Amino acid sequence: MTDEAALLHSLRGRVANIIRRAPEAQDASRWHPLHLAGRDLRLALPITFTPYASARPCSARCAFCSENLRPTRTLTPAALLRPEPDYFAGLARALRALRGVPLSWSLSGLENSDDSAWLLQLLSVLQAAEQNGIPVQERVLYSNGSGFALVPGPVLLDALQRFGLSWVELSRHHHQGAANQAIMRFRPGQPITRQPCFEQVVQQLAARLPLRLVCLLQQGGIASPDGVADYLAWAAHCGAGTVIFREFSRLDRDYRDNGTARYLASARVPMAPLLRACLDDPRLGPRWQLCSLTEGYYFQNLRVRTPEGLEVVFEWSDYGAMHERHASGEVYKLVYFANGQLCAGWDPGHDVLLDTRIPEGAPHG
Ligand code: SF4
């Protein structure tokens, strides 16, 4: 048994709740049938829809950024596509085709808040889709916080609150500004780089929305129980309700050997030994309530609660498992790209479910 399998085995006996997100093939209540562009599909529930944000290059340049990984089959990377003037018309068409499908909005890709006009229009198109018959369960924004530190920040915050955002996942990979900047490498002139500015943004967001701070474990960042303890103390001081520690996603052989893939290999902090060390550390694990273990379709996480009320999540994922699911013919993920394609995965040009550049009624190739 691997170290991770042994840890999982022991955790299964200790947590209050085990959540299985991936549906059983025979459980009809967990699949939604959909006829789309001449094909009959089955969508795994719950399912998230991502309007992939790529209106402009990201304000940060994280060395581990998965948007810079290059699967060998990739035609044009999503991160390099920019929306055409008819982008929102195409998005509205894709959403009409999904009417009646229970979805959650997962607002990710590059940095959503870097182009406030784009994000505001996106929110209004998604709201219109909800009014037109898409039952939405959760609305989640993933952000590095940059746009909230700029002049339109308060307008964005108002709009997100009106939108009914369930929570925001805010990335910060070290609790000290200089160490974080060495990891995230915000572009020159981004106020969010400065630690006092980031902490102010955290407080403003946390006052209005549930806030989860996200920290990717890595060498040079948080890599030990000491680092975890320090990060948690800082997060609680800033007003976060949840902290998520993630291991870099594990890659299969479908990726090119580029700088990002090499960084992931060299700076990776494996979750199992770190989590085991945290669980054994008298400042941490023995004080925690072990709440739940989630087994997703390509990720797993352990959710705990500290006596001070902070929720802490340890999460790890495997892109090989994700690719296997996506190749199964069933639909586990919906992504709408800047090129007008609705796809069942993260690669524009592959697993295309609907191409909104093709006129309605015309055959899909
Ligand atoms: S903030 Fe997110 S999208 Fe931007 S470089 Fe970092 S990981 Fe990539």
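For first residues located in the range 338-365 and closer than 21 Å to SER54 by Cα, partners that are open to solvent by 30 Å² or more (accessible area, probe 1.4 Å) and of a type in the set (Val, Ile, Thr) and lie 6+ apart or on another chain with Cβ distances below 6 Å form the pairs GLN341/VAL352; CYS343/VAL352; PRO348/THR76. Remark: ALA117 matches the filter, which requires a residue to be in a helix (DSSP H, G or I), more than 30 Å from PRO363 (Cβ to Cβ) and either out of contact with any helix residue (DSSP H, G or I) (no Cβ under 8 Å at 6 or more places or on another chain) or more than 16 Å from the ligand (Cβ to nearest atom) (or both).
Looking only at residues of the range 86-103 that are crowded, with 17+ Cβ neighbours inside 10 Å and not in a helix (DSSP H, G or I), we find that the one that is nearest to the ligand (Cβ to nearest atom) is LEU103.
Considered as a group, the residues in the range 9-48 that are modelled with pLDDT of 95 or more and β-branched (Val, Ile, Thr) include one that is least open to solvent (accessible area, probe 1.4 Å), and that residue is ILE47. For the range 274-327, the strands (runs of 3 or more DSSP E) that sit wholly inside it and include 1 or more residues that are over 18 Å from LEU251 (Cα atoms) and either over 24 Å from the mean Cα position of the chain (by Cα) or modelled with pLDDT under 95 (or both) are 289-295.
Quick check: anything in the range 26-38 away from the ligand (no atom under 16 Å from the Cβ), touching a strand residue (DSSP E or B) at 6+ places or on another chain (Cβ under 8 Å), within 24 Å of GLY259 (Cα to Cα) and not in a helix (DSSP H, G or I)? Talk me through it step by step, then tell me what you get.
First, pick out the residues of the range 26-38 that are away from the ligand (no atom under 16 Å from the Cβ): 26-38.
Retained after the next criterion (residues that are touching a strand residue (DSSP E or B) at 6+ places or on another chain (Cβ under 8 Å)): 30-37.
Those left that are additionally within 24 Å of GLY259 (Cα to Cα): none.
No: the range 26-38 contains no residue that is away from the ligand (no atom under 16 Å from the Cβ), touching a strand residue (DSSP E or B) at 6+ places or on another chain (Cβ under 8 Å), within 24 Å of GLY259 (Cα to Cα) and not in a helix (DSSP H, G or I).
Of the residues making up the range 57-81, those that are assigned to a loop (DSSP other than H, G, I, E, B) and more than 11 Å from the ligand (Cβ to nearest atom) are ARG70, THR72, ARG73, THR74, LEU75, THR76, PRO77, LEU81. Pairs meeting the criteria (first residue in the range 174-186 and closer than 15 Å to GLU111 by Cβ, second residue open to solvent by 80 Å² or more (accessible area, probe 1.4 Å) and within 13 Å of the ligand (Cβ to nearest atom), beta carbons under 6 Å, at least 6 apart or on different chains) are ARG185/ARG61.
Here the range 126-153 is the region considered, the condition is being assigned to a helix (DSSP H, G or I) and without any contact (Cβ under 8 Å) to a residue 24 or more places away in the chain, and the residue that is least open to solvent (accessible area, probe 1.4 Å) is GLU130.
Does LEU211 satisfy the condition of being touching a Gly at 6+ places or on another chain (Cβ under 8 Å) and within 26 Å of GLY164 (Cα to Cα)? Yes. Confirm whether SER317 is surrounded by fewer than 20 Cβ atoms within 10 Å (Cβ to Cβ), in contact with a Ser or Thr (Cβ under 6 Å, 6 or more places away or on another chain) and touching a residue at least 40 places away in the same chain (Cβ under 8 Å). So SER317 passes the test.
Can you tell me which residue is farthest from the chain's Cα centre (by Cα) among those in the range 92-117 that are farther than 17 Å from ALA159 by Cβ and among the hydrophobic types (A, V, I, L, M, F, W, C)?
ALA97
The values are calculated or read from the model by the stated rules, or taken from the named source; none is laboratory data. The structure presented is a predicted model; accordingly, all values stated were derived computationally and were not measured. We place every Cβ from the backbone using ideal geometry, glycine too, and count neighbours over all the protein chains shown. Keep in mind that these areas ignore ligands, DNA and RNA; they rest on the heavy atoms of the full protein, side chains included. Shrake-Rupley method; radii C 1.70, N 1.55, O 1.52, S 1.80 Å.
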